[in-house]
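Working notes for the structure below.
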Amino acid sequence: MLNANKNFSNTLLLTDDDIGEDHLMTSLETPMRPDAFDLSDEEKMERIEHHFREIMLTMGLDLTDDSLRGTPKRVAKMYVQEIFSGLNPKNKPKVALFENKYGYHEMLVEKDITFYSNCEHHFVPIIGKAHIAYMANGSVIGLSKLNRIVQYFAKRPQVQERLTMQIAHQLCTLLGTDDVAIIVDAHHLCVSSRGVQDVNSSTITAYYGGAFMKEAKKYEFLQYLNLPAKSKVSEVLQS
Ligand SMILES: [Zn+2]
């Protein structure tokens with residue numbers, strides 16, 4: 001199983017700028033303050049609205065303009081209720097498992113799960129697809145729940161490696177098996193729209209646990225995805 005508090009000591013000598021530009025992460029858990037949920041959603045939206053108005057004013061925007069007036073409130077609502085709603089554990093999808101009555105023991109692959117996330121270093125979108133496979137142990141999971149788990153972890157400020165590992169960790173825990181594989185293929189707008197401005201690159205991360213650490217199973221999974229087995233998949237952060 002994965003170590004939820006794994007830290008990566010090789011990041012310790014890097015500056016904040018190094019970490020931001022190279023999109024490194026420092027732990028599997030999304031770094032949260034101990035008082036993260038002392039405020040209600042309504043209180044958070046009020047504060048964010050205030051601060052976002054200050055950002056817009058600082059940039060010199062005229063908030064008396066009809067088109068801009070409502071923006072701070074819209075952004076606050078969008079942050080708390082939509083694109084960062086996955087920070088709050090109360091929004092974690094309720095997942096019912098079913099007994100594997102049909103005795104299905106091959107891999108199940110759910111591919112092309114589209115997600116929208118945001119880069120935690122620049123707060124601009126990450127748009128991608130997740131492909132998930134698992135081998136049923138005693139229980140199976142509703143297919144739409146795989147999708148919901150991806151969406152839940154995507155709706156946080158993220159780095160792609162952490163997103164991949166958080167989904168993997170959640171599925172291993174829920175399904176009571178290490179036989180889980182995930183590939184995430186995503187486009188980072190902070191790479192295409194700013195910085196190096198590479199519009200064509202995408203980033204692939206993968207997790208292979210249990211049975212999927214064997215080449216044959218890994219190959220079978222990649223075949224289902226129509227990906228060449230020797231593609232540039234970076235097998236990040238295996239436990
Ligand atoms: Zn970024």
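Pairing residues of segment 112-131 that are at positive phi with residues that are part of a strand (DSSP E or B) and away from the ligand (no atom under 13 Å from the Cβ), at Cβ distances under 9 Å and at least 6 apart in sequence or on separate chains, gives 112/129; 112/130; 112/131. Condition (residue is within 13 Å of the ligand (Cβ to nearest atom) and acidic (Asp, Glu)) applied to segment 99-118: is it met by at least one residue? So far as segment 99-118 goes, no, none of its residues is within 13 Å of the ligand (Cβ to nearest atom) and acidic (Asp, Glu).
So which residues in segment 204-223 are crowded, with 17+ Cβ neighbours inside 10 Å and within 21 Å of residue 162 (Cβ to Cβ), if there are any at all?
Within segment 204-223, the first condition is being crowded, with 17+ Cβ neighbours inside 10 Å, and the residues that meet it are 204-212, 217-218, 220-222.
Result: 204, 205, 206, 207, 208, 209, 210, 212.
Residues in segment 40-87 that are in contact with a helix residue (DSSP H, G or I) (Cβ under 8 Å, 6 or more places away or on another chain) and under 22 Å from residue 154 (Cα atoms): 41, 44, 45, 48, 75, 76, 77, 79, 80, 81, 85, 86.
Residue-wise test of (1) out of contact with any Leu (no Cβ under 7 Å at 6 or more places or on another chain); (2) at pLDDT 95 or above; (3) among the hydrophobic types (A, V, I, L, M, F, W, C).
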{"position": "176", "(1), (2), (3)": "yes, no, no"}
{"position": "181", "(1), (2), (3)": "yes, yes, yes"}
{"position": "186", "(1), (2), (3)": "yes, yes, yes"}
{"position": "189", "(1), (2), (3)": "yes, no, yes"}
{"position": "198", "(1), (2), (3)": "yes, no, no"}
{"position": "208", "(1), (2), (3)": "yes, yes, no"}
{"position": "232", "(1), (2), (3)": "yes, no, no"}
{"position": "239", "(1), (2), (3)": "no, no, no"}
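Can you say whether residue 147 is surrounded by fewer than 19 Cβ atoms within 10 Å (Cβ to Cβ), at pLDDT 95 or above, within 28 Å of residue 122 (Cα to Cα) and away from the ligand (no atom under 14 Å from the Cβ), as far as the supplied structure shows? Against the criterion (surrounded by fewer than 19 Cβ atoms within 10 Å (Cβ to Cβ), at pLDDT 95 or above, within 28 Å of residue 122 (Cα to Cα) and away from the ligand (no atom under 14 Å from the Cβ)), residue 147 qualifies.
Pull out all pairs, ordered by first then second residue, where Cβ-Cβ is under 8 Å, the residues are six or more apart or on different chains, the first lies in segment 23-34 and is assigned by TED's automatic domain parsing to the domain that holds residue 85 and more than 15 Å from the ligand (Cβ to nearest atom), and the second is at pLDDT 75 or above and part of a loop (DSSP other than H, G, I, E, B). Partner pairs satisfying both residue conditions: 30/156.
Examine segment 159-177 for a residue that is within 11 Å of the ligand (Cβ to nearest atom) and either touching a strand residue (DSSP E or B) at 6+ places or on another chain (Cβ under 9 Å) or assigned by TED's automatic domain parsing to the domain that holds residue 220 (or both), and state whether such a residue exists. Checked segment 159-177: at least one residue is within 11 Å of the ligand (Cβ to nearest atom) and either touching a strand residue (DSSP E or B) at 6+ places or on another chain (Cβ under 9 Å) or assigned by TED's automatic domain parsing to the domain that holds residue 220 (or both). Among the criteria (1) farther than 30 Å from residue 17 by Cβ; (2) touching a helix residue (DSSP H, G or I) at 6+ places or on another chain (Cβ under 8 Å), the one residue 145 does not fulfil is (2). Which residue, of 128, 103, is more than 24 Å from residue 39 (Cβ to Cβ), within 13 Å of the chain's Cα centre (by Cα) and outside the structural domain of residue 33 (by TED's automatic domain parsing)? None of the others qualify; the one that does is 128.
Residues that are within 16 Å of the ligand (Cβ to nearest atom) and within 22 Å of the chain's Cα centre (by Cα) occur in segment 76-88; there is at least one.
Read through the list (1) more than 16 Å from the ligand (Cβ to nearest atom); (2) among the hydroxyl-bearing types (Ser, Thr, Tyr); (3) within 17 Å of residue 166 (Cα to Cα), then give the number of the only condition that residue 64 fails. Single failed check for residue 64: (3). Within the bounds of segment 50-70, is there any residue that is free of Cβ contacts under 8 Å to residues at least 60 places away in the same chain, under 27 Å from residue 224 (Cβ atoms), of a type in the set (A, V, I, L, M, F, W, C) and crowded, with 17+ Cβ neighbours inside 10 Å? The answer is no; no qualifying residue exists.
Residues of segment 187-209 that are within 16 Å of the ligand (Cβ to nearest atom) and either among the small types (Gly, Ala, Ser) or part of a loop (DSSP other than H, G, I, E, B) (or both): 192, 193, 194, 195, 196, 197, 198, 199, 201, 202.
The values are calculated or read from the model by the stated rules, or taken from the named source; none is laboratory data. It should be emphasised that the depicted structure is a prediction, and the values quoted were computed from it without experimental measurement. When we count neighbours, we look across all protein chains shown, and the Cβ atoms used for this are built from the backbone with ideal geometry, even at glycine.
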